[in-house]
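What follows is a single structure, written as structure tokens, with notes after it.
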Amino acid sequence: MEALAISLIKAVPFLGAVPVWAVALVLMVAVAAVVLAFALTFEGVGSLVLRKVAGDIQVRIGPNRVGPNGVLQFLADGVKLILKEDLTPASADRPLFKMAPYFVFVGSFAGFVVVPFGVGLIAADLNIGVYYVMAVSSLVVIGILLAGWSSNNKWALLGGMRGAAQIISYEIPVGLALIPAVMIAGSLSLQDIVRSQGGLWGIFGWNLFHNPFTFFSFFLYFTAAQAETNQTPFDLPEAESELVSGYNVEYSGIRFGYFFLAEFGDMFVVAALTTALFLGGWNIPFFHAETLPWIWGNLLSLGVFLGKAFTIVLIMMWVRWTLPRIRVDQLMRLSWKYLIPLTFFNLLGVSLWLLVFNGKGIPAMIASLFG
Amino acid sequence: MAGFIETVRFSDPYFPIFVLLVIALVTAVGMVFLSQATGPRKYDKIKYSVYECGVDPLAPASERVSVKFYLIAILFILFDLEATFLYPWAVLFRSLGLFGFIEMIIFVGILMVGLVYAWKKGALEWQ
């Protein structure tokens with residue numbers, strides 16, 4: 001960011017008197033505003049698309065009143081949430097009750113910071129990117145526990161405890177299923193991982209097709225991430241038909257809205273991680289995005305990345321409206337007795353493959369057969 | 001102020017994250033203020049009571065929670081730490097070679113014994 005600020009000062013003559021740190025700070029704020037605007041727009045449009053997809057799957061129309069075909073429904077929902085009364089139940093623990101939505105909102109938004117949107121489009125390319133996402137996604141657990149406990153409501157308490165147990169149980173398979181991509185790239189930086197999947201093979205450079213074990217770990221990750229973000233086959237913390245809404249039952253207005261927005265934010269972060277770690281990220285098939293002119297390389301790679309990520313989001317919505325909810329004991333059994341041992345054996349398989357074949361994937365071996 | 005700014009390293013890769021989180025928090029708090037400024041505010045005893053599907057709440061919700069949740073939390077700490085240890089190993093996997101592989105098999109093997117023990121003791125049953 002500082003290098004960008006220095007080049008900007010050199011390029012624009014009247015900035016000469018402004019110190020570097022001020023320009024860098026303004027740039028950072030601008031980047032932050034753009035990322036926040038993207039996140040909020042995605043969360044709004046995502047809620048509309050979710051309802052439309054639900055309508056299509058259940059053979060009904062879905063929202064169709066506000067604007068043509070109901071496309072402005074999410075704006076109306078947002079305005080409505082802000083205009084509602086912000087009430088705190090009399091028996092609630094007031095400071096904790098008010099704090100919980102901020103934890104959830106900021107925690108889910110923090111994941112957007114390291115999403116590699118394009119060749120040079122990343123808010124902060126941390127050298128511990130994958131690790132960072134794992135860490136900040138745990139902030140949501142604190143928010144959910146706080147919300148469930150401070151509401152002083154039995155539904156909320158049960159939902160909060162269930163939510164915390166579920167998210168921490170599924171965090172282990174999520175973390176272990178991401179390791180194969182880290183091993184292949186030899187780096188935790190998301191940009192390095194995306195670059196390691198580049199090359200002129202198009203889609204065959206993706207980690208998904210590297211070897212049978214990475215192919216399997218993609219599905220392990222997708223299943224566990226679906227549970228970690230409380231999507232429907234695993235939406236026990238919310239379970240509107242048994243817990244009436246779970247940990248957010250006492251919330252109203254915009255504070256409820258934050259839980260809702262965070263859910264969609266998590267959805268995008270999961271889809272973006274899936275894209276970056278297994279589906280080649282912003283790599284454009286048969287092109288080296290880095291060698292294109294800056295603006296075209298970034299625009300094209302941004303389009304490719306968003307296309308892949310939104311496809312994953314649509315698949316998550318499809319799963320969400322297709323499968324029925326499972327029971328708590330089934331949920332815990334799936335995580336501890338199936339996913340965790342499977343991810344361990346999968347990890348063993350990946351490391352054996354990388355040792356035996358010296359880090360080469362199947363597409364690379366086939367390519368070397370033909371010279 | 002000027003002295004403080006000299007000490008801040010703007011090239012630090014974590015600085016944009018800090019700026020971003022501050023802006024997210026400011027936006028979140030701002031929207032709540034907007035909501036409080038524009039929303040209605042009418043007191044009603046029933047409205048401010050705890051929601052229990054229309055029935056008067058029988059007892060406060062600060063009951064004891066099933067021990068299963070604590071067991072899950074303890075197991076989580078063990079296995080999450082283990083996953084944490086696996087990440088540096090994964091980054092250096094290529095250069096460690098066979099040595100790193102065998103070391104990690106021993107490490108994971110010991111933890112798998114732990115998982116099997118918890119499994120046999122019934123810590124993973126949810127009844």
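Where does the Debye-calculated log10 I(q)/I(0) of the range B:67-120 sit at q = 0.15, 0.16 Å⁻¹, using only Cα point scatterers of equal weight, no solvent?
Treating every Cα as an identical point scatterer, log10 I(q)/I(0) equals -0.50, -0.56.
Where in chain A are the DSSP H helices whose alpha-carbon span along the long axis reaches 30 Å or more and whose Kyte-Doolittle mean is at least -1.0?
Working: long enough: A:20-57 (54 Å, 1.90); A:154-185 (47 Å, 1.17); A:253-278 (38 Å, 1.34); A:294-320 (38 Å, 1.44).
Membrane-span-like by this criterion, though nothing is claimed about a membrane: A:20-57, A:154-185, A:253-278, A:294-320.
Once the whole set of protein chains is in place, how much accessible area is left on A:Ser217, using a 1.4 Å probe, in Å² to the nearest 10?
Here the accessible area works out near 0 Å².
Using alpha carbons only, how many angstrom separate the centre of the range A:92-154 from the centre of the range A:272-310?
26
Among A:Val114, A:Leu139, A:Asn64, which residue has its Cα positioned farthest towards the positive end of the charge dipole of the range A:1-141, with +1 placed on the Cβ of Lys and Arg, -1 on the Cβ of Asp and Glu, and the dipole taken about the Cα centre?
Toward the positive end, the furthest listed residue is A:Asn64.
Just counting partner chain Cβ atoms within 10 Å, what average do the residues of peptide A:177-188 show around their Cβ? All intermediate terms of the calculation are to be shown ahead of the outcome.
Values: counts 0, 3, 7, 1, 1, 7, 8, 3, 3, 6, 2, 4.
For this peptide, the per-residue mean of nearby foreign Cβ atoms is 4.
Excluding residues fewer than 8 places away in the same chain, name every one of the lysines whose C-alpha is closer than 27 Å to that of A:Lys154.
A:Lys84, A:Lys98, B:Lys42, B:Lys45, B:Lys47, B:Lys68
To the nearest 20 debye, what is the magnitude of the charge dipole of chain B about its Cα centre, counting +1 on the Cβ of each Lys and Arg and -1 on the Cβ of each Asp and Glu?
Details: 10 positive and 10 negative charges, 55 e Å.
Value, rounded to 20: 260 debye.
Semi-axes of the equivalent ellipsoid of the range A:140-233: what are they in whole Å, largest first, if each equals the square root of 5 times a C-alpha gyration tensor eigenvalue?
Values: eigenvalues 257, 33, 19 Å².
Equivalent ellipsoid semi-axes, largest first: 36, 13, 10 Å.
Per the Kirkwood treatment, what hydrodynamic radius in Å, one decimal, follows for the range A:105-147 from the mean inverse distance over all distinct Cα pairs?
On the way: mean 1/r = 0.0909 Å⁻¹.
The Cα-based Kirkwood calculation yields 11.0 Å.
For A:Trp318, B:Trp119, A:Trp353, what's the largest-to-smallest order of accessible area, 1.4 Å probe?
On the way: A:Trp318 155, B:Trp119 90, A:Trp353 40 Å².
Largest accessible area first, the list is A:Trp318, B:Trp119, A:Trp353.
At a cut-off of 30 Å², which residues of the range A:115-130 become less accessible once all protein chains are present than in their chain alone, using a 1.4 Å probe?
Output list: A:Leu126.
Taking Rh as the Kirkwood radius, which is the inverse of the mean 1/r over Cα pairs, what is the Rg/Rh value for chain A?
Numbers: Rg = 22.0 Å, Rh = 22.1 Å.
My calculation puts Rg/Rh at 1.00.
When all protein chains stay in place, what accessible area (Å², nearest 10, 1.4 Å probe) is found for B:Arg94?
For B:Arg94, solvent-accessible area is about 120 Å².
Rank B:Ile46, A:Ile366, A:Ile172 by accessible area, highest first, at a 1.4 Å probe radius?
B:Ile46, A:Ile366, A:Ile172
For A:Ser252, list long-range residues whose amide hydrogen, built 1.01 Å from N in the peptide plane, is under 5 Å from its own amide hydrogen.
Placed amide hydrogens put A:Leu87 under 5 Å from A:Ser252.
Over chain A, average the accessible area per residue using a 1.4 Å probe and give it in Å², no decimals. Don't skip to the end; give the middle numbers.
Working: 14600 Å² over 371 residues.
With all protein chains present, chain A gives 39 Å² per residue.
Accessible area of A:Met317, 1.4 Å probe, to the nearest 10 Å²?
Result for A:Met317: roughly 0 Å² accessible.
Please report, as a whole percent, how much of the solvent-accessible surface of the protein assembly as shown comes from carbon and sulfur atoms (probe radius 1.4 Å).
Numbers: 16640 of 23020 Å².
For the protein assembly as shown, the apolar C and S fraction of the accessible surface comes to 72 percent.
Taking 0.36 nm per residue of separation and subtracting the Cα-Cα distance, what length does fully extending A:Val12 through A:Trp294 add?
Full-extension gain reported as 99.7 nm.
Pick from A:Tyr338, A:Tyr258, A:Tyr221: which residue has the top mean-square fluctuation in a GNM of chain A where Cα pairs under 10 Å get a spring?
Among A:Tyr338, A:Tyr258, A:Tyr221, the largest GNM mean-square fluctuation belongs to A:Tyr338.
The values are calculated or read from the model by the stated rules, or taken from the named source; none is laboratory data. Please read all numbers here as calculations on a predicted model, not as lab measurements. Reconstructed Cβ throughout: ideal geometry from the backbone, glycine too, with neighbour counts over all protein chains shown. Note: areas computed on protein heavy atoms with side chains; ligands, DNA, RNA excluded. Shrake-Rupley method; radii C 1.70, N 1.55, O 1.52, S 1.80 Å.
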